[in-house]
Amino acid sequence: MGQGLSCAASQEHGLFTAVQFGDLEILEAVLERDSSLLHQTTAYDRQSVLHIAAANGQIEILSMLLDRSLNPDLLNRHKQTPLMLAAMHGKIACVEKLLEAGANVLMFDSLNGRTCLHYAAYYGHSNCLKAILSAAQSSPVAVSWGYARFVNIRDGRGATPLHLAARQRRPDCVHILLDNGALVCASTGGYGYPGSTPLHLAARGGSLDCIRELLAWGADRLQRDASGRIPYMVAFKHKHGACAALLNPSSAEPLVWPSPLKFISELDEDAKLLLERALMEANKEREKSILKGTVYSYPSPSHSDVGIDDDISEASDTELCCICFEQVCTIEVQDCSHQMCAHCTLALCCHNKPNPTTASLTPPVCPFCRSSIARLAVAKSKGFDEADLEVGDVSSSKLRRSRRSRNFSEGSSSFKGLSAVGTLGKMGGRGSGRIAADNEWVDKL
Ligand SMILES: [Zn+2]
Ligand SMILES: [Zn+2]
């Protein structure tokens with residue numbers, strides 16, 4: 001698309017070139033001479049200067065244009081808004097600025113009937129996705145449409161943002177969407193193969209990480225598309241062997257995030273992070289036997305087999321979990337203040353098969369005192385030194401980033417991952433330096 005823009009721009013008095021390359025001085029000089037040029041659009045695609053600034057991440061120019069009270073919701077030839085283009089190209093500063101200027105998140109393009117949320121999910125820009133979701137929460141859309149409805153908004157062929165993220169192998173976006181109430185078992189209309197669920201599309205795309213996320217959120221391996229295929233058959237057909245193994249209905253069920261439990265849905269960020277990591281790690285342990293094709297044995301929470309020796313000195317300073325005697329206590333049960341490790345907490349709360357009725361009716365109790373669990377929090381362990389605590393307190397955003405990168409740090413033992421908040425912080429650094437290389441309009445299905 002950059003090609004198309006620059007081509008058109010050369011014919012437009014240098015105006016579009018100046019916008020594309022962020023030359024504020026030239027732009028101001030041009031507008032000084034003729035302020036009506038502000039409303040100029042490119043010849044073919046009818047891109048406004050705002051579109052070009054947004055697509056190219058020219059935040060200074062974008063801010064200047066918005067300050068001149070240019071409508072943030074201008075439409076190009078394909079009825080795309082500047083916000084859609086910024087979300088498509090992952091220009092987070094521009095996305096934030098446009099949202100701040102009141103850009104409408106509920107606009108649909110004329111190509112596929114997609115919103116800015118679809119764009120962010122399709123191209124895998126999780127930061128843009130988050131920004132749009134948090135803006136939607138406080139915008140009139142939430143009131144008029146309902147936030148849950150917005151998260152599950154469908155494009156012209158019935159695809160929700162979750163369908164697109166699953167199909168395009170975007171596990172980070174899959175996670176964020178599920179966390180924000182995306183329906184894990186929604187079927188598409190005409191997108192992909194009719195009746196496909198996000199799990200069918202992840203199977204088609206061949207992303208193990210997406211499949212892990214969806215299964216951990218209770219996606220049903222037995223749900224069929226319109227032609228009667230289960231996701232396993234889709235993965236098998238497209239020769240994604242490892243995906244097919246996980247999706248095979250006869251392989252062991254993964255642990256499922258116990259979302260119906262009140263104290264799980266009200267977890268604070270850090271406790272949630274620890275438990276989610278423990279869940280994914282426990283499921284990866286199960287996967288090992290599935291992928292090896294060996295006989296599967298029911299895992300106890302005490303499954304870690306590697307890495308313990310390396311960290312034994314660290315462990316001796318901290319309090320070991322009194323259930324498994326292997327992991328460090330990271331989770332505190334409230335109100336009784338009993339502590340255990342994240343793995344044991346999950347073993348207590350998780351259900352192999354999602355069963356919302358029983359899960360919400362019989363919440364687990366503390367294994368030490370049998371009192372009912374009101375809340376879970378991060379345990380204040382003696383093992384944390386000052387620096388670790390500081391990291392944990394100051395930047396939970398850092399923690400979140402490190403979680404996003406967890407899928408990329410394959411070899412880390414579960415013990416290391418959970419031993420201290422500080423360790424998570426150090427693991428930081430953005431895992432997702434990926435760039436959407438495919439800028440085509442048409443989905444390659
Ligand atoms: Zn334990
Ligand atoms: Zn207790």
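Note on the range 320-366: among residues that are charged (D, E, K, R) and within 15 Å of ligand 2 (Cβ to nearest atom), the one that is modelled with the highest pLDDT is 332.
For every residue, the table says whether it meets (1) more than 19 Å from residue 220 (Cα to Cα); (2) at pLDDT below 90.
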{"residue": "248", "(1), (2)": "no, no"}
{"residue": "260", "(1), (2)": "no, yes"}
{"residue": "278", "(1), (2)": "yes, no"}
{"residue": "287", "(1), (2)": "no, yes"}
{"residue": "302", "(1), (2)": "yes, yes"}
{"residue": "309", "(1), (2)": "yes, yes"}
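If you check 210, 185 for being touching a Leu at 6+ places or on another chain (Cβ under 9 Å) and crowded, with 24+ Cβ neighbours inside 10 Å, only one passes: 210. Restricting attention to the range 133-154, the residues that are surrounded by fewer than 19 Cβ atoms within 10 Å (Cβ to Cβ), at pLDDT 90 or above and of a type in the set (Val, Ile, Thr) add up to 0. Residues that are in contact with a Phe, Trp or Tyr (Cβ under 7 Å, 6 or more places away or on another chain) and either buried (at least 17 other Cβ atoms within 10 Å of the Cβ) or modelled with pLDDT of 95 or more (or both) occur at least once in the range 7-21. Tallying residues that are hydroxyl-bearing (Ser, Thr, Tyr), part of a helix (DSSP H, G or I) and modelled with pLDDT of 90 or more within the range 23-78 yields 1.
Quick one: count up the residues across the range 210-232 that are part of a helix (DSSP H, G or I) and more than 17 Å from residue 252 (Cα to Cα).
So the count comes out to 1.
Scanning the range 188-206 for residues that are buried (at least 20 other Cβ atoms within 10 Å of the Cβ) and either among the acidic types (Asp, Glu) or modelled with pLDDT of 95 or more (or both) gives 196, 197, 198, 199, 200, 201, 202, 203, 204, 205.
Residues in the range 327-339 that are more than 21 Å from residue 254 (Cβ to Cβ) and either assigned to a loop (DSSP other than H, G, I, E, B) or within 9 Å of ligand 1 (Cβ to nearest atom) (or both): 328, 329, 330, 335, 336, 337, 338. Of all the listed residues (47, 58), the sole one being in contact with a Gly (Cβ under 8 Å, 6 or more places away or on another chain) and surrounded by 24 or more Cβ atoms within 10 Å (Cβ to Cβ) is 58.
Contact map, the range 1-27: residues that are over 20 Å from residue 77 (Cβ atoms) and of a type in the set (Val, Ile, Thr) paired with residues that are at pLDDT 50 or above and assigned to a helix (DSSP H, G or I), Cβ distance under 6 Å, separation 6+ or inter-chain. Pairs shown: 26/18. Every condition in (1) touching a residue at least 24 places away in the same chain (Cβ under 8 Å); (2) out of contact with any Pro (no Cβ under 6 Å at 6 or more places or on another chain) is met by residue 140 except one, and the failing one is (1). Quickly run through the range 96-129 and pick out the residues that are aliphatic (A, V, I, L, M) and either under 17 Å from residue 151 (Cβ atoms) or free of Cβ contacts under 8 Å to residues at least 24 places away in the same chain (or both). 99, 105, 106, 107, 117, 120, 121, 129 - these are the residues of the range 96-129 that are aliphatic (A, V, I, L, M) and either under 17 Å from residue 151 (Cβ atoms) or free of Cβ contacts under 8 Å to residues at least 24 places away in the same chain (or both). Here is the figure for the range 158-213: residues that are more than 24 Å from residue 239 (Cβ to Cβ) and among the β-branched types (Val, Ile, Thr) total 3.
Within the range 84-125, the residues that satisfy the criterion of being small (Gly, Ala, Ser), under 19 Å from the mean Cα position of the chain (by Cα) and crowded, with 24+ Cβ neighbours inside 10 Å are 86, 87, 120, 121.
The values are calculated or read from the model by the stated rules, or taken from the named source; none is laboratory data. The model shown is predicted, which means the values in this text are computed figures rather than measured ones. No Cβ is skipped: glycine too gets one built from the backbone with ideal geometry, and neighbour counts run over all protein chains shown.
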